[in-house]
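Engineer: Next up is a structure, given as structure tokens.
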Amino acid sequence: MFTKAALAILTCTTALSIFLLGCSSSITKDANSSQLAGALVDSTKTGANVGNIVTLSVLMNVATPAGQNIYKAIALDFERANPAIKVDIQFPAEYESLLKVKMAASDLPDVFDTHGWAQIRYGKYLTDLRNESWASQLSDSIRDIVTDKQGKVYVLPISEAKDGISYNVNVLKKYNIEVPKTFDELMAASEKILTESKGEVVPFYFSGADNWTVGEHFDLFAIPQLISSKNNEANALMNGSFDWSKWTPMAEKFKEMFDRGYINKDIITAKFADLAKLFATDKIAFFDGGPNFAEDTYKVNKDAQIGIMPIPSIVAGDTPTFSGGERDTMGIWKNTKHMTEAKKLLAFYAQPDNLAKIAKVMKLPVGLKGVTVNHEFAKYYEQYRDVRVFPYFDRVYLPNGMWDIMCTNGLDLIAGHITAAEFSTIMKENVTRLARR
């Protein structure tokens with residue numbers, strides 16, 4: 001028979017267990033929160049064992065709901081095929097900031113997306129995957145990007161990037177506009193769309209809530225502004241002698257686009273998730289970046305048409321370009337306690353059928369050979385197969401840490417907190433500061 005004291009202890013213990021269980025459920029429910037504080041709880045720590053079940057923690061930098069859903073679906077298929085392994089896959093909004101915090105804490109997930117920085121930023125944290133069965137199938141265009149001179153393979157390249165501008169085919173047809181090849185033609189097209197639609201159609205869409213859309217504009221257009229022309233600034237950027245006042249014209253043009261009404265007025269509060277509906281209803285003409293929002297657009301309007309065009313040239317005599325490199329990847333933390341299970345997960349995602357499923361949704365080239373992909377954008381990649389592809393500007397010419405600065409100051413420029421010249425000064429100061437690290 002229990003004594004009163006023992007009964008009291010048992011009651012307290014039970015209550016505490018219920019309380020902790022409730023906390024655990026709350027953490028799981030809120031796992032996709034973009035707040036860093038929420039991301040630092042146990043739900044994103046390295047996968048753990050519960051009984052005989054191994055749970056792998058996976059973080060991916062995939063923004064679109066359709067993209068997230070296909071990754072989740074493949075993870076569920078993997079769990080069905082491997083009942084002893086569970087996959088906790090998450091898609092945090094503040095992905096880059098979260099990964100920086102986790103690197104500093106030496107608390108990375110078992111598997112994570114390197115979002116373009118497999119070697120430079122995350123290389124020392126990643127295990128070598130050269131002996132995996134899929135490693136011999138790396139595409140010619142991605143091999144050197146994810147493999148070093150010693151032969152180390154850093155990640156599984158699920159998809160490659162070949163980014164330009166996504167455009168609304170219906171809008172351009174309606175207003176009799178040819179695909180712009182120069183920046184001046186792009187601005188003329190924007191003026192025509194805005195004027196003839198009487199403001200019903202906005203040429204460009206950006207999201208302040210997802211400010212990577214702003215950073216992407218500067219990252220894409222920095223190539224024709226500074227790199228792709230015959231007389232370019234590539235060497236000056238690499239050796240530290242670049243005159244940052246040459247950044248100012250690009251910033252001035254961005255502010256001018258907003259002032260002229262070429263950019264959505266609600267940019268500061270707008271969300272990327274709203275882009276699909278706006279494209280589906282022909283309210284937007286252009287988006288800087290790839291068409292990974294297409295599946296969500298078709299859910300609203302199955303007859304919507306999205307095209308892909310290269311980044312228009314800026315300097316006289318230059319030609320259009322694409323920006324490229326890694327897009328979605330999966331790397332394994334070298335200190336994971338579940339190396340065998342993590343490699344098994346990568347091998348599952350690397351299966352041709354699964355890569356084809358992702359490519360069909362994300363509308364991107366696959367990073368492995370031997371995968372047949374038939375989607376509506378394949379014709380555009382074929383049409384522009386001879387267009388030059390340059391690595392993303394920030395991945396080559398800016399030190400680690402500059403991406404966030406480019407995103408936030410682009411918004412500050414729109415909000416009127418800084419001028420275009422001040423934007424350039426901030427870029428110069430921070431490049432100098434971060435390059436010393």
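Values quoted throughout were computed directly from the atomic coordinates according to the rules given, and no laboratory measurement underlies them. As the structure is a computational prediction, the values presented were derived from the model and not from experiment. Neighbour counts run over all protein chains shown; Cβ positions are idealised from the backbone, glycine included.
Engineer: For the chain, give the magnitude of the charge dipole about the Cα centre (Cβ charges: +1 Lys/Arg, -1 Asp/Glu; no others), in debye to the nearest 20.
Structural biologist: Dipole magnitude for the chain comes out near 1000 debye.
Engineer: Quick check: pseudo-label points 7 Å beyond the Cα along Cα→Cβ at residue 176 and residue 132, how many nm apart are they?
Structural biologist: 5.3 nm
Engineer: Beyond 22 Å, how much of the Cα-Cα pair distribution for the range 185-272 remains, as a whole percent? Kindly include the intermediate steps, with their values, before the conclusion.
Structural biologist: Working: 1420 of 3828 pairs.
Distances greater than 22 Å cover 37 percent of the Cα pairs.
Engineer: Please go through the range 145-211 and write out the GluC sites (Glu not before Pro) that DSSP classes as loop and that have at most 16 other C-beta atoms within 10 Å.
Structural biologist: When the GluC sites (Glu not before Pro) of the range 145-211 are filtered for loop state and at most 16 Cβ neighbours within 10 Å, 178, 200 remain.
Engineer: With a 10 Å Cβ neighbour count serving as the proxy for reagent exposure, in which order, fewest first, do 101, 361, 389 appear?
Structural biologist: With the fewest neighbours first, 101, 361, 389 line up as 101, 389, 361.
Engineer: Right, next: Roughly how tilted is helix 339-349, in degrees to the nearest 10 and between 0 and 90, from the longest Cα axis of the chain?
Structural biologist: The two axes meet at around 50 degrees.
Engineer: Report the net charge of residues surrounding residue 126, where surrounding means a beta-carbon distance below 12 angstrom and charges are Lys +1, Arg +1, Asp -1, Glu -1.
Structural biologist: That sum, taken over residues with Cβ under 12 Å, equals +1.
Engineer: Another question about this same structure. Relative contact order of the chain: what whole-number percent is it, with Cα pairs under 8 angstrom and at least 6 residues apart? List each step's numbers first, then the result.
Structural biologist: Values: 714 pairs, mean separation 102.4, N = 437.
Result for the chain is 23 percent.
Engineer: To one decimal place, what Kirkwood hydrodynamic radius in Å is obtained for the chain from all pairs of distinct Cα atoms?
Structural biologist: It is 23.3 Å.
Engineer: Quick one: if the Förster radius is 25 Å, what FRET efficiency do residue 374 and residue 300 give, using the C-beta to C-beta distance and rounding to 0.05? Display every interim value, and only then the final one.
Structural biologist: Numbers: r = 23 Å, r/R0 = 0.91.
In this case the efficiency is close to 0.65.
Engineer: Another question about this same structure. With point charges of +1 on the Cβ of Lys and Arg and -1 on the Cβ of Asp and Glu, referenced to the Cα centre of the range 334-391, which listed residue (364, 351, 384) lies farthest in the positive direction of the dipole?
Structural biologist: Farthest along the dipole direction, towards plus: 351.
Engineer: Using 0.36 nm times the number of residues separating residue 356 and residue 337, minus their current alpha carbon distance, what extension gain do you get?
Structural biologist: Details: separation 19, 0.36 × 19 = 6.84 nm, distance 2.99 nm.
Extra length from residue 356 to residue 337 when fully extended: 3.9 nm.
Engineer: Alpha carbon centre of the range 107-169 versus the range 305-333: separation in Å?
Structural biologist: The two parts, judged by their Cα centres, are 17 Å apart.
Engineer: So which lysines can residue 369 reach, going by Cα to Cα under 28 Å and dropping same-chain residues fewer than 8 places off?
Structural biologist: In chain and number order, the partners are 72, 124, 149, 152, 162, 334, 343, 344, 357, 360, 379.
Engineer: Further question: Tell me which trypsin sites (Lys or Arg not before Pro) from the range 345-407 have a DSSP coil assignment and no more than 14 other beta carbons within 10 Å of their own.
Structural biologist: Sparse-neighbourhood loop trypsin sites (Lys or Arg not before Pro): 369, 385.
Engineer: Along the Cα→Cβ direction, 7 angstrom out, place labels at residue 188 and residue 400. What is the inter-label distance in nm?
Structural biologist: 4.5 nm
Engineer: When the Kirkwood radius is taken over all Cα pairs of the range 380-432, what Stokes-Einstein diffusion coefficient follows at 10 °C and 1.306 mPa s, in µm²/s?
Structural biologist: Stokes-Einstein gives a translational diffusion coefficient of 122 µm²/s.
Engineer: Multiply the residue gap between residue 73 and residue 415 by 0.36 nm, knock off their C-alpha separation, and tell me the result in nm, one decimal place. Working shown, then result.
Structural biologist: On the way: separation 342, 0.36 × 342 = 123.12 nm, distance 3.99 nm.
Using 0.36 nm per residue and subtracting the Cα-Cα distance, I get 119.1 nm.
Engineer: Let me ask something else. Calculate the FRET efficiency for residue 436 and residue 140 from the Cβ-Cβ distance with a Förster distance of 41 Å, rounded to the nearest 0.05. Can you show the working numbers first?
Structural biologist: Values: r = 37 Å, r/R0 = 0.89.
Step by step, r from the Cβ atoms, then E = 0.65.
Engineer: Right, another one. What ³J(HN,Hα) values, in whole Hz, does the Karplus curve 6.51 cos²θ - 1.76 cosθ + 1.60 give for the range 112-128 when θ = phi - 60°, with x put for Gly and Pro?
Structural biologist: Result, ordered by residue: 8, 7, 8, 5, x, 10, 4, 8, 5, 9, 9, x, 6, 9, 9, 7, 7 Hz.
Engineer: Under 17 Å between alpha carbons, and skipping anything fewer than 8 positions from residue 428 in its own chain: which lysines qualify?
Structural biologist: Hits, sequence-local ones excluded: 246.
Engineer: Roughly how tilted is helix 212-222, in degrees to the nearest 10 and between 0 and 90, from the longest Cα axis of the chain?
Structural biologist: Once rounded, the angle reads 40 degrees.
Engineer: When the chain is fully extended, how far beyond the present Cα-Cα distance does residue 82 get from residue 245, taking 0.36 nm per residue of separation?
Structural biologist: Roughly 53.1 nm would be gained on extension.
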